[in-house]
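Shown next, in structure tokens, is the structure this report addresses.
The values are calculated or read from the model by the stated rules, or taken from the named source; none is laboratory data. All figures in this text were calculated on a predicted structure; none of them were measured in a lab. Neighbour counts run over all protein chains shown; Cβ positions are idealised from the backbone, glycine included.
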Amino acid sequence: MNMLRTAILLAALTAIFMAVGYLLGGTGGMLVAFLVAAGINFFSYWNADRLVLRMYHAREVDARTAPEFYEIVRSLAARANLPMPRVYVIDNPQPNAFATGRNPQNAAVAATTGLLAALPPDEIAGVMAHELGHIRNRDTLIMTLTATIAGAISMLANYALFFGGNRSSNNQMGLIGILVAVIVAPLAAMLVQMAISRTREYSADRAGAEITGDPRALASALARIAKAVHRIPNMDAERRPATAHMFIVNPLSGARMDNLFSTHPSTENRIAALMEMENELRGRGPARVAVPRVGTSPAGPRGPWG
């Protein structure tokens, strides 16, 4: 079912891309857009994870360069019965994290220095377990592909705005067509992203809480991150809004409500769902994942994490 949903969503984004191509260049433009979309899909399948990590200037760390953080991820991956993902740190003061990769065997997790400095170890474990939940649910491929294709749709729409469409007999839509390409296409791409993201965040929250056995820690982490996101801008994300759905909390300023235009469910709703899960688990006495003991007051924006 997940693969079918992925295929449908990719087909929808490709259709939007082709529609913009038609508005710009008629039938020929649509054909070119189809070929470009096919190339983007092929390239993204193999390279989108590295592309997204490069966008955010992520640096890979290991047991030597970031022992505490790396050990948290290693312990969680073992508990989730997943291959050890590549581990990255992003030098950014906003607390946030995401996962990427085409499958569990080729996955990566990334956390910002802001997250590693601001959260205690049990909450960091909750966040990284959420990201491993995305990997276990095989969300990362579609999330990464969508970020790439949606960004391409926005670029093509901007091209339409600045250079205009083809006025040939194949495309008589003129200014109206250009406005549709500029306004409707990015909006449609955003709606597809929302279809991808919102239910998957709830699923990853539940998976992450199951991995750690500690829903309350993830709930507390979400509350801290959401509060900080609106005080600390993430300028890399602001320049690349098509990637916002990849993060555990929307990194863009101003997207607070669980409404039509949000790529994430509201933090309040996610916390409420986690606390319900905490109540369910309390009677069963779940074994919680062992978190390495480190200081809870990291020194400086990089903390003890490398």
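What to note about this one:
- Number of residues in segment 106-135 that are crowded, with 24+ Cβ neighbours inside 10 Å, hydrophobic (A, V, I, L, M, F, W, C) and part of a strand (DSSP E or B) equals 4.
This table checks each residue for (1) crowded, with 23+ Cβ neighbours inside 10 Å; (2) modelled with pLDDT of 85 or more; (3) under 18 Å from the mean Cα position of the chain (by Cα).
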{"position": "Ser203", "(1), (2), (3)": "no, yes, yes"}
{"position": "Arg206", "(1), (2), (3)": "no, yes, yes"}
{"position": "Gly213", "(1), (2), (3)": "no, yes, no"}
{"position": "Arg231", "(1), (2), (3)": "no, yes, no"}
{"position": "Pro241", "(1), (2), (3)": "no, no, yes"}
{"position": "Ile248", "(1), (2), (3)": "yes, yes, yes"}
{"position": "Phe261", "(1), (2), (3)": "no, no, yes"}
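- Listed by first and then second residue, the pairs with beta-carbon distance under 9 Å, at least 6 apart or on different chains, first residue in segment 212-240 and within 29 Å of Ala78 (Cβ to Cβ), second modelled with pLDDT of 95 or more and polar (S, T, N, Q), are Leu218/Thr212; Ile225/Gln94; Ile225/Asn96.
- Residue in segment 97-105 that is buried (at least 19 other Cβ atoms within 10 Å of the Cβ), out of contact with any His (no Cβ under 9 Å at 6 or more places or on another chain), within 27 Å of Ala219 (Cβ to Cβ) and among the aliphatic types (A, V, I, L, M) present: no
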